[in-house]
Amino acid sequence: MSASHNHPAPAPLGGSLVTPTTTLLAILVAIAGVILLVRFLFGIGAVTNVNDGYTWGIWVVYDVVIGSALACGGYSVALLVYIFNKGDYHPMIRPALLASLFGYTLAGAGVIFDLGRYWNFWHIFWPGYAQINSVMFEVAVCITAYIIVMWIEFSPAFLEKFGLKDIKKKLNKALFFIIALGILLPSMHQSSLGSLLVVFGYQIHPLWQTMLLPLIYLISALTMGFAVVIFEACVASSGFKRPLEMYLLGKLSQVMWWMLTAYLIVRVVDLVVRGAIGTAFVFNIEAFMFWIEMALFIAPMVILSNADSRKQPAKLFVAACSLMLAGFILRINSFLVGYETGPGWHYFPSVSEIMVSIGMIAFEVLAYIVLVRYLPVLSGNTAQSAIASNK
Amino acid sequence: MTISRRDFLKGALAGSALLATGTSPAEARPNKVMPEEALGLLYDSTLCIGCKACVSACKEVNNMPPEFSVEDQLWDTPRDISGKTLNVIKVYEDGTCKTGACGDKDSENGFAFMKVSCLHCVDPSCVSACPVSAMTKDPVTGIVGYDKSICIGCRYCVAACPFGVPRFQYDKALPQISKCQLCRHRMGEGKYAACAEVCPTGATLYGKVKDLHAEAKRRVALKPGEETVFPRGNINTHDQSPHTAKAAKYLPQIYGEKEVGGTQMLKLSAMPFEKLGMPKLPERSFAATSETMQHTLYGGLIAPLAFLGVLTFVAKRNVKNDDDAGDEKK
């Protein structure tokens with residue numbers, strides 16, 4: 001990203017790469033690797049519980065749909081900084097972007113594990129094969145384009161590291177356009193991830209089947225983006241022993257509160273207008289999960305409505321976790337709990353299926369740790385003090 | 001919150017630009033229309049005797065492996081369509097028949113059969129969902145075909161189909177989707193759908209959908225018990241001799257006439273279709289609903305480009321401020 005509003009320039013954290021944490025993460029990645037080897041040799045059914053009734057399991061719903069929504073930190077913060085011109089949040093851009101970069105790159109890579117005929121994946125971009133009426137076409141193209149855009153957005157960090165100032169300067173001149181694309185593309189595909197369900201028709205429970213799915217997915221992804229930024233700031237500050245930027249986080253949480261309120265209004269009004277709200281008062285698993293989902297969205301709204309709570313790291317952290325979980329459950333509910341293709345079909349992920357998703361998260365965290373130690377990501381003066389306190 | 005009113009309005013402008021262009025004239029995409037010469041099947045549950053000759057013939061002409069659901073793996077016993085099976089006949093037992101006390105076929109406390117295979121929708125969800133044109137609808141025959149050489153194996157078709165028809169091979173390293181393609185590979189040899197060809201009672205009848213539809217209407221109008229002639233095989237070529245039988249007590253419904261915009265496989269029954277696993281569906285196809293939404297948001301890329309324009313304008317201003325601040329510092 002370009003130079004900042006009088007904030008200290010980002011700097012590498014330094015420090016050892018081999019720690020108990022990184023070793024554990026590496027082991028989890030290796031386990032996932034072995035499971036994936038079995039999958040590629042013997043088929044998807046050899047390691048997962050997906051079936052013709054629930055053909056999309058957590059490799060799609062978690063790794064891609066939820067994974068990319070949890071990777072919306074870069075999108076949310078960029079929107080705030082560059083469109084709403086909130087330069088104050090500038091120090092958050094690089095760490096948020098790095099997390100997004102990994103979240104999305106892995107979501108994209110994760111698709112390959114789930115594609116039955118993965119060697120043909122390029123057909124989706126190929127004129128003559130590409131089928132533009134398909135919601136999935138739109139999702140695939142926008143996610144791919146966004147991954148490329150994010151690598152370009154993040155490239156100043158590499159360019160600084162390797163002292164390529166000329167290229168960085170040239171890139172800076174076009175950066176405004178890259179930034180605009182970096183907001184357009186996730187707006188498109190995060191909403192379309194919801195639109196994917198529209199063609200499923202009656203197979204999706206009325207609590208989740210609505211023409212407002214794109215809007216519901218979009219706003220929830222944005223709020224999840226902010227929640228993840230707060231979550232990561234809390235975790236990184238304790239993990240790397242850095243002071244927490246409470247002033248910024250408190251303000252950010254207020255933005256989040258507004259969005260959350262907008263989300264809940266849209267969600268409830270839609271349910272009432274469509275006459276689907278009655279199905280929430282039936283004694284079944286769908287209604288039960290719906291209320292869990294709603295409670296997880298309402299809890300952070302209640303917590304953050306209080307100005308004092310917004311200044312307390314513990315409450316902020318709880319609100320952020322609740323919101324991340326809320327977006328998670330919304331997606332699980334609409335893709336799996338509320339999906340019914342006929343009697344006799346059941347799905348719950350197998351252990352090996354879950355281990356692959358865990359391995360992907362482990363890879364993401366591992367790569368994040370390595371990169372913030374090696375590249376200028378986290379803002380400088382605190383990075384210096386972190387190194388000092390580590391000594 | 002410290003976002004000033006001016007900044008907020010600027011940002012809101014970007015958002016509303018998308019909504020404003022998004023909700024403008026794009027027309028709703030209507031259901032697709034059946035090709036004039038569309039081909040299909042008429043399945044008459046009341047004529048079916050559950051012999052499963054169609055299941056066996058389908059396996060043979062499509063080179064599909066047997067599938068076992070009983071301990072003795074002596075013969076093909078599929079319980080449902082799958083990656084190995086494109087067509088099955090299911091039996092439905094009503095009321096006391098479930099506990100062994102069966103009345104007559106198609107009666108209360110009796111039983112009935114249902115054919116499960118692709119219905120070749122007029123406006124198929126699988127074709128709309130497929131991101132790579134591996135699922136296609138033939139413009140002349142209307143057959144919903146599948147090309148594995150194009151398919152990426154994403155299984156959006158499997159998830160989207162309102163009838164649960166496309167299936168996937170989860171047990172293979174190099175899997176594919178499997179679904180009935182109305183034996184289009186046999187048409188070059190002048191043959192037609194094997195299931196209809198081998199059906200001894202004409203319960204599965206092949207031909208042009210318009211002729212099958214007329215035949216279906218004729219049957220529904222028959223008086224129960226009335227003797228009538230039922231064609232077998234191909235309704236257009238009369239390649240097989242018809243047979244005479246008494247008309248059943250048909251429900252006044254032709255399944256597939258209107259469901260999700262119509263299907264090229266029509267079904268008749270004396271037992272309510274929902275009991276036989278055929279869901280109650282709206283007339284508007286889900287493909288039309290989904291594509292209307294996509295075209296409204298992305299038609300001609302107008303809304304995304306307008307949004308991009310606003311974003312670029314705003315970002316350029318704000319990034320410029322950014323650079324200046326940085327330069328001053330140095």
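Taking every residue in the range A:330-346 that is in contact (Cβ under 8 Å) with a residue 40 or more places away in the chain and pairing it with any residue that is β-branched (Val, Ile, Thr) and surrounded by fewer than 19 Cβ atoms within 10 Å (Cβ to Cβ), at least 6 positions away or on another chain, the pairs with Cβ-Cβ distances below 9 Å are A:ASN333/A:ILE292; A:VAL337/A:ILE285. Checked against the criterion of being in a helix (DSSP H, G or I) and more than 8 Å from every other protein chain (Cβ to nearest Cβ), the candidates A:ALA180, A:ALA233 yield just one match: A:ALA233. Return the residue satisfying two criteria in turn: it lies in the range B:225-257 and is surrounded by 12 or more Cβ atoms within 10 Å (Cβ to Cβ) and among the aliphatic types (A, V, I, L, M), and of such residues it is farthest from the chain's Cα centre (by Cα). Out of the qualifying residues, it is B:ALA245. Scanning the range A:93-144 for residues that are within 9 Å of chain B (Cβ to nearest Cβ), within 20 Å of A:GLU353 (Cα to Cα) and among the β-branched types (Val, Ile, Thr) gives a single hit, A:VAL111. Considering B:VAL198, B:VAL165, B:VAL220, the condition of being touching a Lys or Arg at 6+ places or on another chain (Cβ under 6 Å) and of a type in the set (A, V, I, L, M, F, W, C) is satisfied by B:VAL165 alone. No other residue among A:ILE112, A:ILE132, A:ILE148 is closer than 30 Å to B:PRO124 by Cβ, free of Cβ contacts under 8 Å to residues at least 12 places away in the same chain, not in a loop (DSSP other than H, G, I, E, B) and not acidic (Asp, Glu) apart from A:ILE112. Of all residue pairs spaced 6 or more apart or on separate chains, those with beta-carbon atoms under 6 Å, a first member in the range B:286-313 that is among the acidic types (Asp, Glu) and a second member that is surrounded by fewer than 21 Cβ atoms within 10 Å (Cβ to Cβ) are B:GLU291/A:ASN133. Do you know which of the residues in the range B:279-293 that are crowded, with 20+ Cβ neighbours inside 10 Å and either more than 8 Å from chain A (Cβ to nearest Cβ) or out of contact with any helix residue (DSSP H, G or I) (no Cβ under 8 Å at 6 or more places or on another chain) (or both) is nearest to B:GLU93 (Cα to Cα)? Taking the candidates together, the pick is B:SER285. Report yes if A:THR55 is among the hydroxyl-bearing types (Ser, Thr, Tyr), under 23 Å from the mean Cα position of the chain (by Cα) and surrounded by 24 or more Cβ atoms within 10 Å (Cβ to Cβ), otherwise no. So A:THR55 passes the test.
Residues in the range B:172-194 that are closer than 13 Å to B:HIS120 by Cβ and crowded, with 20+ Cβ neighbours inside 10 Å: B:LYS179, B:CYS180, B:LEU182, B:CYS183, B:ALA193. Tell me yes or no: at least one residue of the range A:304-319 is part of a helix (DSSP H, G or I), within 22 Å of the chain's Cα centre (by Cα), closer than 21 Å to A:MET259 by Cβ and among the aromatic types (Phe, Trp, Tyr). Yes, because at least one residue in the range A:304-319 is part of a helix (DSSP H, G or I), within 22 Å of the chain's Cα centre (by Cα), closer than 21 Å to A:MET259 by Cβ and among the aromatic types (Phe, Trp, Tyr). Of the set (1) part of a helix (DSSP H, G or I); (2) at the interface with chain B (Cβ under 8 Å from one of its Cβ atoms), all apply to A:ASN85 but (1). Restricting to the range A:100-116, name every residue that is β-branched (Val, Ile, Thr) and either crowded, with 21+ Cβ neighbours inside 10 Å or under 21 Å from B:CYS157 (Cα atoms) (or both). Those that are β-branched (Val, Ile, Thr) and either crowded, with 21+ Cβ neighbours inside 10 Å or under 21 Å from B:CYS157 (Cα atoms) (or both): A:VAL111, A:ILE112.
For first residues located in the range B:147-162 and farther than 17 Å from A:VAL135 by Cα, partners that are of a type in the set (Phe, Trp, Tyr) and in a loop (DSSP other than H, G, I, E, B) and lie 6+ apart or on another chain with Cβ distances below 6 Å form the pairs B:ILE150/A:TYR129.
Every read-out reported here was derived from the displayed coordinates using simple, explicitly stated rules and does not represent laboratory data. Note that the structure is predicted; figures quoted are calculated from it, not measured. Counting neighbours? That spans all protein chains shown, and the Cβs are built from the backbone with ideal geometry, glycine included.
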